[in-house]
Each structure stands twice: as structure tokens, then as C-alpha cells.
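The values are calculated or read from the model by the stated rules, or taken from the named source; none is laboratory data. Computed from a predicted model, the values in this text were never measured in an experiment. Note that each Cβ is placed from the backbone with ideal geometry, even for glycine, and that neighbours are counted across all protein chains shown.
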Amino acid sequence: MSNCELCKNPGGELIWQDAFCRVVLVDDLDYPGFCRVILNRHVKEMSDLNMAERERLMTVVFVVEQVLREIMQPEKINLASLGNMTPHVHWHVIPRFRQDKTFPNPIWGRSRRETVSLSLDADTARRLKSRLQSALG
């Protein structure tokens with residue numbers, strides 16, 4: 001689709017990609033390690049995928065979750081697939097920390113405290129990218 005943001009742009013810093021989907025790191029100072037798993041072709045709903053495609057996509061989502069837990073050791077991981085603003089199948093994989101500005105609320109919810117810069121340091125970013133690329137092949 002010509003007007004779909006995720007068809008026109010990577011959706012973040014490309015970490016890994018194959019012919020089916022990609023993993024990007026979102027530049028969000030409030031939520032370091034925030035990744036998206038994005039289907040490469042334009043599809044609006046998960047139920048538009050066949051079972052094998054659903055399983056393939058969720059396998060990538062779960063690998064991203066696992067690597068984020070291993071490298072960043074967050075309090076919790078949030079998984080979300082909304083698509084209201086961008087109706088293109090993609091999953092948000094978001095490490096959550098007690099000191100982030102909305103915890104324990106969703107990241108799109110009301111802030112509970114002042115923003116604390118939790119930025120992803122260069123070494124952690126490098127390890128995260130390397131580990132994801134290794135885990136996904």
C-alpha cells in the first residue's frame with residue numbers, strides 16, 4: 001500500500017530481516033530496547049495469515065522477547081499488536097522497567113512519574129543486535 005508507513009519505511013533501525021519479516025529497534029528514550037517485529041508484506045490482520053505464517057511470525061516475536069529478557073533483564077516484557085494507527089501486521093516487544101514513566105501502566109497510558117532517561121547504552125545495543133542476529137540466523 002502506497003500510504004502505509006510500514007510499507008514505505010523500515011519502522012525503526014533494522015536489526016534483522018528475512019524474506020518474511022524484519023526486526024527493528026525503535027528509537028525511544030523512554031523505553032530502551034523497544035523492538036518491533038514487522039511483516040514485510042502488507043497484511044492488515046493476523047487472521048489474514050495462514051497458520052504457518054502466524055507461527056513463523058510469533059516464533060520471531062518470542063525470540064525477540066527471549067533475547068531482550070536475557071540482555072536487558074527487564075521487570076516485564078509487554079507484547080502488543082494494535083495497528084489502529086498503522087493497519088499493517090506488526091508486534092511491539094517492549095522491555096519494561098519499574099522506573100519507566102508509565103510502569104505498571106501500558107506505555108501508551110498516562111505517565112505516573114517524570115520521565116527518567118533510560119537510554120540504551122552503546123554496549124547493550126551492540127550485544128542486543130548481535131544476540132538477535134545470532135538467534136534468528
Report yes if some residue within the stretch 114-123 is at pLDDT 95 or above, aliphatic (A, V, I, L, M) and under 17 Å from the mean Cα position of the chain (by Cα); otherwise report no. no
Leu29: closer than 15 Å to Gly12 by Cβ, among the aliphatic types (A, V, I, L, M), touching a residue at least 60 places away in the same chain (Cβ under 8 Å) and loosely packed, with under 14 Cβ neighbours inside 10 Å, yes or no? yes
Does Thr59 satisfy the criteria of being hydroxyl-bearing (Ser, Thr, Tyr), outside any strand (DSSP E or B) and free of Cβ contacts under 8 Å to residues at least 40 places away in the same chain? yes
Count of residues meeting criterion [among the basic types (Lys, Arg) and in contact with a helix residue (DSSP H, G or I) (Cβ under 6 Å, 6 or more places away or on another chain)] in the stretch 55-84: 0
Glu65 passes all but one of (1) within 14 Å of Leu132 (Cα to Cα); (2) in contact (Cβ under 8 Å) with a residue 60 or more places away in the chain; which number fails? (2)
In the stretch 88-136, residue surrounded by the fewest Cβ atoms within 10 Å (Cβ to Cβ) [restricted to those that are in a strand (DSSP E or B) and in contact with a Phe, Trp or Tyr (Cβ under 6 Å, 6 or more places away or on another chain)]: Arg96
For Leu82, are the conditions met, namely being modelled with pLDDT under 95 and more than 13 Å from Leu136 (Cα to Cα)? yes
Sole residue being within 15 Å of the chain's Cα centre (by Cα) and without any contact (Cβ under 8 Å) to a residue 24 or more places away in the chain, chosen from Trp108, Trp91: Trp108
Go through the stretch 8-26 and give me each residue that's surrounded by fewer than 13 Cβ atoms within 10 Å (Cβ to Cβ) and not in a loop (DSSP other than H, G, I, E, B). Lys8
Taking the stretch 32-67, which residues are surrounded by 15 or more Cβ atoms within 10 Å (Cβ to Cβ), basic (Lys, Arg) and over 11 Å from the mean Cα position of the chain (by Cα)? Arg56
Pairs please, first residue from the stretch 76-88 and within 13 Å of Val37 (Cβ to Cβ), second anywhere and outside any strand (DSSP E or B), Cβ atoms under 6 Å, 6+ apart in sequence or on different chains. Ile77/Glu65; His88/Cys4; His88/Leu6; His88/His42
Answer residue from the stretch 75-87, given it is in a loop (DSSP other than H, G, I, E, B) and either of a type in the set (S, T, N, Q) or crowded, with 19+ Cβ neighbours inside 10 Å (or both) and is farthest from the chain's Cα centre (by Cα) among those: Asn84
